[in-house]
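The values are calculated or read from the model by the stated rules, or taken from the named source; none is laboratory data. Given the structure is predicted, the values throughout are model-derived calculations rather than measurements. No Cβ is skipped: glycine too gets one built from the backbone with ideal geometry, and neighbour counts run over all protein chains shown.
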Amino acid sequence: MTTRPILIIPEPRLRKVADPVPAIDDSIRALTQDMLETMYDAPGIGLAAPQIGVMKRVFVMDCAGQDDPPNPMEIINPEILWRSEELETSEEGCLSIPEIYEEVTRPERVRLRWLGLDGEIHEQEFGERWAVCIQHEMDHLDGKLFIDYLGPVKRRMIMSKMKKLKKERARA
Ligand code: GNR
Ligand code: NI
């Protein structure tokens with residue numbers, strides 16, 4: 001197992017649509033293992049493959065509470081089957097947009113269908129943090145970021161901050 005570097009905006013790969021996975025094989029098992037290790041190390045509650053430069057429709061997440069046992073999930077070729085009409089606003093962050101936290105409004109609950117590492121199709125309804133995380137990760141697979149939901153002034157300010165941060169990191 002290995003951690004992999006997380007890409008930071010501006011980065012063209014974070015703006016591309018990722019490709020479906022044709023079948024579960026050892027490369028997908030190794031990828032999800034590396035992604036979970038990278039996510040826990042960051043630390044984060046989710047990580048999508050494009051964030052480590054792999055353009056596949058894969059994400060991992062663990063939204064278990066501090067006092068709950070770990071609950072890592074590997075999600076392949078996800079599809080949102082249903083979104084609740086009820087919306088919920090919560091503060092989001094992104095490992096590809098470090099140190100920025102902003103409120104985003106999304107459907108409160110979603111029903112997800114995905115391919116598991118077990119090769120089976122799964123279907124489940126999620127709410128709370130899981131629903132936020134799923135929608136955030138699904139966006140990554142379509143080249144979308146949470147800052148796209150903000151106004152243009154805020155978004156431009158964040159973009160210039162990230163350009164500066166990347167330059168500083170490149171020099172360090
Ligand atoms: O670690 C993460 N926390 C988080 C908090 C609120 C809403 C979404 C997230 S996902 C983020 C990790 C990440 O960037 N996943 O793509
Ligand atoms: Ni993110």
- Message: I need the full set of residues from the stretch 36-50 which are closer than 18 Å to H122 by Cβ and either exposed (fewer than 15 other Cβ atoms within 10 Å of the Cβ) or modelled with pLDDT under 95 (or both), in order please.
- Response: none
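Do any strands (runs of 3 or more DSSP E) lying entirely in the stretch 46-94 carry at least 1 residues that are charged (D, E, K, R), and which ones are they?
Values: elements: 46-48, 58-61, 73-83, 87-94.
The qualifying strands (runs of 3 or more DSSP E) are 73-83, 87-94.
Considering R155, R106, which residue is of a type in the set (K, R) and crowded, with 17+ Cβ neighbours inside 10 Å? Working first, answer last.
Values: R155 fails: crowded, with 17+ Cβ neighbours inside 10 Å.
One residue alone meets the criteria, R106.
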- Residues within the stretch 105-161 that are among the polar types (S, T, N, Q) and free of Cβ contacts under 8 Å to residues at least 40 places away in the same chain, tallied: 2
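Per-residue answers, yes or no, for (1) under 20 Å from K16 (Cα atoms); (2) hydroxyl-bearing (S, T, Y); (3) modelled with pLDDT under 95:
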{"residue": "V60", "(1), (2), (3)": "yes, no, no"}
{"residue": "P78", "(1), (2), (3)": "yes, no, no"}
{"residue": "T105", "(1), (2), (3)": "no, yes, no"}
{"residue": "E120", "(1), (2), (3)": "no, no, no"}
{"residue": "M159", "(1), (2), (3)": "yes, no, no"}
{"residue": "E168", "(1), (2), (3)": "no, no, yes"}
- Message: Can you find a residue that is among the small types (G, A, S) and away from ligand 2 (no atom under 12 Å from the Cβ) anywhere in the stretch 34-47?
- Response: no
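Any chance the stretch 116-137 includes a residue that's touching a Phe, Trp or Tyr at 6+ places or on another chain (Cβ under 7 Å), away from ligand 1 (no atom under 12 Å from the Cβ) and either closer than 27 Å to D25 by Cβ or of a type outside the set (F, W, Y) (or both)? I'd like the intermediate steps shown before the answer.
As a first pass, look at the stretch 116-137 and keep what is touching a Phe, Trp or Tyr at 6+ places or on another chain (Cβ under 7 Å): 122, 134, 136-137.
Next cut, away from ligand 1 (no atom under 12 Å from the Cβ) only: 122.
From the residues that got through so far, the ones that are either closer than 27 Å to D25 by Cβ or of a type outside the set (F, W, Y) (or both) too are 122.
Within the stretch 116-137, one or more residues are touching a Phe, Trp or Tyr at 6+ places or on another chain (Cβ under 7 Å), away from ligand 1 (no atom under 12 Å from the Cβ) and either closer than 27 Å to D25 by Cβ or of a type outside the set (F, W, Y) (or both).
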- Note on the structure: With the first residue restricted to the stretch 81-104 and required to be farther than 30 Å from S160 by Cβ, and the second required to be modelled with pLDDT of 95 or more and in a loop (DSSP other than H, G, I, E, B), Cβ contacts under 6 Å at 6 or more apart or on different chains are S84/E108; S84/R109; E86/E108
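Every residue, every condition in (1) away from ligand 2 (no atom under 16 Å from the Cβ); (2) under 18 Å from E11 (Cβ atoms), yes or no:
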{"residue": "V110", "(1), (2)": "yes, no"}
{"residue": "L115", "(1), (2)": "yes, no"}
{"residue": "E120", "(1), (2)": "yes, no"}
{"residue": "E128", "(1), (2)": "yes, no"}
{"residue": "V132", "(1), (2)": "no, no"}
{"residue": "L141", "(1), (2)": "no, yes"}
{"residue": "F146", "(1), (2)": "no, yes"}
{"residue": "M159", "(1), (2)": "no, yes"}
{"residue": "E168", "(1), (2)": "yes, yes"}
- Within the stretch 51-64, is there a residue that is more than 12 Å from ligand 2 (Cβ to nearest atom), exposed (fewer than 15 other Cβ atoms within 10 Å of the Cβ) and either among the hydrophobic types (A, V, I, L, M, F, W, C) or under 18 Å from E11 (Cα atoms) (or both)? yes
- Item | Of all residues making up the stretch 108-142, the number that are under 13 Å from M73 (Cα atoms) and part of a loop (DSSP other than H, G, I, E, B) | 3
